[in-house]
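The values are calculated or read from the model by the stated rules, or taken from the named source; none is laboratory data. On a predicted model such as this, the values are computed, not experimentally measured, just so you know. Note: ideal-geometry Cβ built from the backbone for every residue, glycine included; neighbour counts use all protein chains shown.
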């Protein structure tokens, strides 16, 4: 079996050596590691001299989603995994994938778990959240939309991309969620590896894995557009339609709250009244956010989060 690992880098990818070093090359598989670099040639030359086994692809300067799509197009593996340049792969998971895939060739997506970690100024690492087990990781509407989509913990067979398409550059901030939502609705067959696959680093420079306050996450508006795109279709089930209507309302509510916290009062007011005019019942759908919030906070290490925040304020 051949496995393709795709890593996306930019000139400020400070942890890329750690990401590359976490990938095991010896095992019952062939390994192809592709780095798609969206930046200066000097960065690529440095990595190429240090890691001659890596295949390098130049990005087109239009962001991470387009770079990921280029990586998929350049890959030749049976299974494909995207690893961010600030994340790590746990030891032994590639061998486990090879074993499980050989036993069940019908499975198109093999899902593992993930854990979020941060590094304190003294070098100590803290695990902020651990997500493992089918309840937290399986490819479901609830997990993909209301929790972390965990693309970096899912090995996707290349036939999945043939079936549902590549990553969509229209959703540059949430292409992983949009892609896995397509896979979920399409009913792509999934299996569980039941081990942690990826370690995702929490740090201030990350666009998504951070605890910064006072800004409005750009992916929330994209979530609304994703839901609208699906709700305009006639070929989805009543169950999927109901879920997406409620998810859209939840994400609108989150968007308005974030805008308020960021003192974007005019934007928040316009969004609220626009939703009221379009659907007077939207606020009742938004109340389903209580259960969604529970999903997003499963197995957080509250003490680790508090310690990280305390360190950042010093």
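Conditions tested, residue by residue: (1) closer than 25 Å to residue 177 by Cβ; (2) at pLDDT 95 or above.
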position: 41; (1), (2): no, no
position: 49; (1), (2): no, no
position: 71; (1), (2): yes, yes
position: 87; (1), (2): yes, no
position: 101; (1), (2): yes, yes
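At least 1 residues that are without any contact (Cβ under 8 Å) to a residue 24 or more places away in the chain, out of contact with any helix residue (DSSP H, G or I) (no Cβ under 7 Å at 6 or more places or on another chain) and surrounded by fewer than 22 Cβ atoms within 10 Å (Cβ to Cβ) in each: list the strands (runs of 3 or more DSSP E) lying fully within region 43-120 that qualify.
55-58
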Residue 135 vs. criteria surrounded by fewer than 20 Cβ atoms within 10 Å (Cβ to Cβ), without any contact (Cβ under 8 Å) to a residue 12 or more places away in the chain and not in a loop (DSSP other than H, G, I, E, B): yes
Those residues of region 88-115 which are within 19 Å of the chain's Cα centre (by Cα) and under 21 Å from residue 135 (Cα atoms), in sequence order: 90, 93, 108, 109, 110, 111, 112, 113, 114, 115
Residue within region 157-171 that is at pLDDT 95 or above, crowded, with 22+ Cβ neighbours inside 10 Å and assigned to a loop (DSSP other than H, G, I, E, B) present: yes
For region 9-42, which residues satisfy the criterion of being farther than 22 Å from residue 91 by Cβ and not in a loop (DSSP other than H, G, I, E, B)? 9, 36, 37, 41, 42
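Output the residues belonging to region 252-265 that are without any contact (Cβ under 8 Å) to a residue 40 or more places away in the chain and either touching a helix residue (DSSP H, G or I) at 6+ places or on another chain (Cβ under 9 Å) or under 18 Å from residue 228 (Cβ atoms) (or both). Outline the logic, then answer.
Step one: of region 252-265, the residues without any contact (Cβ under 8 Å) to a residue 40 or more places away in the chain are 252-257, 260, 263, 265.
Correct list: 252, 253, 254, 255, 256, 257, 260, 265.
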